[in-house]
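A short worksheet on the structure shown next.
The values are calculated or read from the model by the stated rules, or taken from the named source; none is laboratory data. If you're wondering where the values come from, they're calculated on a predicted model, not measured in any experiment. All Cβ positions, even for glycine, are placed from backbone atoms using ideal geometry, and neighbour counts span all protein chains on display. With ligands, DNA and RNA removed, areas are computed over all heavy atoms of the protein, side chains included. Shrake-Rupley method; radii C 1.70, N 1.55, O 1.52, S 1.80 Å.
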Amino acid sequence: MSTITETILDTTFKKDVFNGLTANPKYLYSKYIYDKRGDKLFRDIMALDEYYLTDSEFEILSFHTEAISELFRGNGKGMDLIELGAGDGKKTKVLLSYLSKNYYDFVYKPIDISENAIDLLTANLQHELPKVQVDAEIGEYFEVLERLKQFNSRKKVIMLLGSNIGNLLHPRAIDFLSRLKETMNAGDLVFMGFDQKKDPQTILNAYNDPKGVTAEFNKNLLHRINSEMNANFDTGKFKHWEVYDPETGTAKSYLVATEKMVVNIEALDLTVHFDPWETIHTEISQKYDDKVVQWLAEESGLAIVTSFSDSKNYYKDFVFC
Ligand code: AVI
């Protein structure tokens with residue numbers, strides 16, 4: 001890479017886009033989908049009938065509120081409920097409401113990379129659950145995890161809902177879980193959602209809805225590059241494509257160029273050539289079974305305490321210590 005290029009690539013986002021679009025095959029990281037428009041599209045996805053994950057986890061949290069809250073009870077000094085990737089908090093509110101009504105001494109610490117998501121959530125909680133003490137943080141999980149190490153006197157429960165872990169390949173998931181483990185003291189817990197392997201058609205439908213919301217969500221990567229890096233992607237000439245491998249449990253999203261194209265990304269001083277039907281790999285959404293979760297836990301030094309599933313066995317929340 002020349003010195004001029006290094007000067008231009010002054011943010012991680014720019015570096016990642018440069019590396020991904022000059023690679024063969026091309027790729028972009030799904031974490032960059034989430035700007036204000038991406039957050040809104042994800043909320044729309046969560047409201048889709050086909051996207052069963054939200055309802056399945058909502059059912060688990062609603063049916064097992066008491067048992068889950070009992071596991072969360074503090075050690076007399078209260079508890080910090082730290083939610084990574086808090087989103088809109090719809091599911092978490094079930095637990096927060098129970099915890100606050102049943103006199104649990106706790107602080108809710110939602111952490112999200114999106115300032116917009118945190119602002120919306122904080123305002124909503126102030127309105128709907130004013131008694132809950134909220135201490136929100138904006139940041140990347142790994143950055144924030146380092147800071148979490150200092151919360152060592154009260155019990156910590158680290159929550160990651162929505163099968164967000166599924167957007168990481170297994171080695172990165174193990175790295176992530178290991179770093180979580182490093183931030184934990186005796187008595188601390190992790191409460192984490194894992195979308196389960198199921199009828200492959202159900203999974204494909206969830207990631208390729210007929211209204212095209214997921215397609216628009218995926219293409220938001222290109223919209224963001226257009227608006228933030230002065231690029232000229234014609235998003236209508238890319239097709240959202242989803243595949244699911246029932247053997248590995250990996251769902252993969254692509255954007256496929258439907259014709260030969262030349263795209264200029266001014267801020268990167270980069271011209272990108274697409275052959276017809278060339279792909280950009282954009283996201284993985286891993287689906288799990290018990291053996292894989294057990295393996296991930298063992299590799300990360302975590303132990304499974306228990307798990308909760310919905311009535312269709314579509315989804316599981318695991319508790320680790
Ligand atoms: C945020 N994440 C867990 C979602 C998922 O299911 O992988 C993102 C998403 N991608 C397409 N639809 C939803």
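Points worth noting:
- From the list 125, 95, 99, 121, the one residue that fits, being in a helix (DSSP H, G or I), within 16 Å of the ligand (Cβ to nearest atom) and without any contact (Cβ under 8 Å) to a residue 60 or more places away in the chain, is 121.
- Here is the figure for the stretch 56-85: residues that are within 16 Å of the ligand (Cβ to nearest atom) and surrounded by fewer than 19 Cβ atoms within 10 Å (Cβ to Cβ) total 1.
- Answer residue from the stretch 294-319, given it is charged (D, E, K, R) and within 16 Å of the ligand (Cβ to nearest atom) and is farthest from residue 56 (Cα to Cα) among those: 317
- Scanning the stretch 273-293 for residues that are more than 16 Å from the ligand (Cβ to nearest atom) and open to solvent by less than 10 Å² (accessible area, probe 1.4 Å) yields one hit, 274.
- Number of the exception - residue 35 against (1) touching a helix residue (DSSP H, G or I) at 6+ places or on another chain (Cβ under 8 Å); (2) open to solvent by 30 Å² or more (accessible area, probe 1.4 Å); (3) modelled with pLDDT of 95 or more: (3)
- Any hit, the stretch 4-26, residues being loosely packed, with under 15 Cβ neighbours inside 10 Å, away from the ligand (no atom under 16 Å from the Cβ) and at positive phi: no
- Boolean, residue 89 is under 24 Å from residue 30 (Cα atoms) and surrounded by 13 or more Cβ atoms within 10 Å (Cβ to Cβ): yes
- Restricting the stretch 204-224 to residues that are open to solvent by less than 30 Å² (accessible area, probe 1.4 Å), within 11 Å of the ligand (Cβ to nearest atom) and part of a helix (DSSP H, G or I), the residue that is farthest from residue 54 (Cα to Cα): 220
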